[in-house]
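Worksheet: the structure to be examined is printed underneath.
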Amino acid sequence: MRKISLAIIISLLSQGIYAASAPVKSRYDSRMQTQTYNALDVTEIKVKDGFATAILFDNDERILDMASGFSDGWEFKDTANVIYVKPVALEVEGEEGNKAIFEPKLKEWDTNFLVMTNKRNYVFDLILVEDLKKASYQVNFRYPQEERRNAQKKAAQAKENAEKEQIESALQKIQTPRNWDFSMKVRKGSETIAPDYAYDDGLFTYLGFARDKTFPAAFLLEGKQESLLNTHVRENGRYQVLVIQKTAEKIVLRSGDKVVGIFNGSYGKNPAPYNTTISNEITRDVVGGE
C-alpha cells in the first residue's frame, strides 16, 4: 500500500514539473485570454487548424528572434509587439519527385516555440486542438511586477513633485520683499552689470537682471575690505535674479573692469524674525555656497 502511494506521489510530482501554464480565459469569450509573465514558466497556446492566434507582448516590446521545433508545420509572422501563429500543411517531396501533402494532425503538430524580445524571453508549447472552443484567438501578456514598479515610480515622482511645490511655496513666502530702499552707483561703462531692481526679505538680498545683461560677482564691502558673497540664481519671468545669501549695507558688483556699488538705505531696519528655521515648512541648507 505504501509503495503504491509513493508511486502515485512521484507520478504527480513529475507531472507538475513539466506542466505548462494555461492562459486565463476571458469571461466574455474564452478564446480571448490573458497570461501573467513568468520567465521560468512555459505558456500553453492552443490553436485550431485554419485559424490564427495572436500573441501580444508589452507595448514597448519588440521581437528580435523566434525559433520552433517544427517550423515547417507552423507559420509565424511578427509585427512590433505581436506574433501571429497558425498551423500549416506540410509538403514533402519523395525520391521520384512526387509531392505529398500532410495536413496538420492532432498531437503530431504539437511543438515548442521560443521568442526573444528586446526585454524578455518567452517559451511556449503550441498545441493543435480540434474543438474551436478550446483554441486561443488572442493571448495578452500581463506584467504585474513591472506594473507595480511603474506605479511605485509614479507615486514617488508625484510625492517628489508635491514636495517641490510645497518647498517652492514656502520659499515664496520666505522671500516676500520687506525692503525696496536700494540705490546704486555705476562706474562709466558698467551699465551691463547694473541690476534692474533690488530688494531684500530681511534675510537675503535679491538683484534682478534683464536676460541680456551680464551676471557679476558680488562682494561685501566693510570699510575698505571686500569679501566674496555666497550667491545662487533664480528665474523670475523676464529676469534672472542673483540671490545674495545675506543682507548688507554695501555690496560691490564686479565683472572684469566693470563695477557697480549697491547701497541698502534701510539696512537693519526691517530684519526677518529670527528662528532656527526661517519657515515652519522648510529648512534651507546651504551647501558649498549654493
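Results for (1) of a type in the set (S, T, N, Q); (2) closer than 27 Å to Glu103 by Cα; (3) at pLDDT below 95; (4) over 36 Å from the mean Cα position of the chain (by Cα), shown as yes or no for each residue.
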residue	(1), (2), (3), (4)
Ile4	no, no, yes, yes
Ser11	yes, no, yes, yes
Thr36	yes, no, no, no
Ala54	no, yes, no, no
Leu64	no, no, no, no
Ser71	yes, yes, yes, yes
Val82	no, yes, no, no
Pro87	no, yes, no, yes
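For the structure I just gave you, tell me whether Ala100 is closer than 30 Å to Pro144 by Cβ and either touching a Lys or Arg at 6+ places or on another chain (Cβ under 7 Å) or not hydroxyl-bearing (Ser, Thr, Tyr) (or both). Judged against the criteria, Ala100 is not a match. Let me spell it out: the conditions are (1) in contact with a Lys or Arg (Cβ under 9 Å, 6 or more places away or on another chain); (2) surrounded by fewer than 14 Cβ atoms within 10 Å (Cβ to Cβ); (3) of a type outside the set (S, T, N, Q); (4) more than 22 Å from Arg142 (Cβ to Cβ), and Gly69 meets all of them except one. Which number is the exception? Exception for Gly69: condition (1). Test Gly189 against the criterion of being at positive phi and touching a residue at least 40 places away in the same chain (Cβ under 8 Å), and give yes or no. Yes.
Out of Thr205, Thr247, one residue alone is buried (at least 20 other Cβ atoms within 10 Å of the Cβ), among the polar types (S, T, N, Q) and touching an Asp or Glu at 6+ places or on another chain (Cβ under 7 Å). It is Thr247. Counting only residues that are more than 30 Å from Glu147 (Cα to Cα) and outside any loop (DSSP other than H, G, I, E, B), the stretch 69-85 holds 5 of them.
The listed residues are Ile63, Ile127, and the only one of them that is under 24 Å from Ser26 (Cα atoms), of a type in the set (Val, Ile, Thr) and surrounded by 12 or more Cβ atoms within 10 Å (Cβ to Cβ) turns out to be Ile127.
The values are calculated or read from the model by the stated rules, or taken from the named source; none is laboratory data. Every value quoted in this text rests on a predicted model; they were computed, and no experiment measured them. Note: ideal-geometry Cβ built from the backbone for every residue, glycine included; neighbour counts use all protein chains shown.
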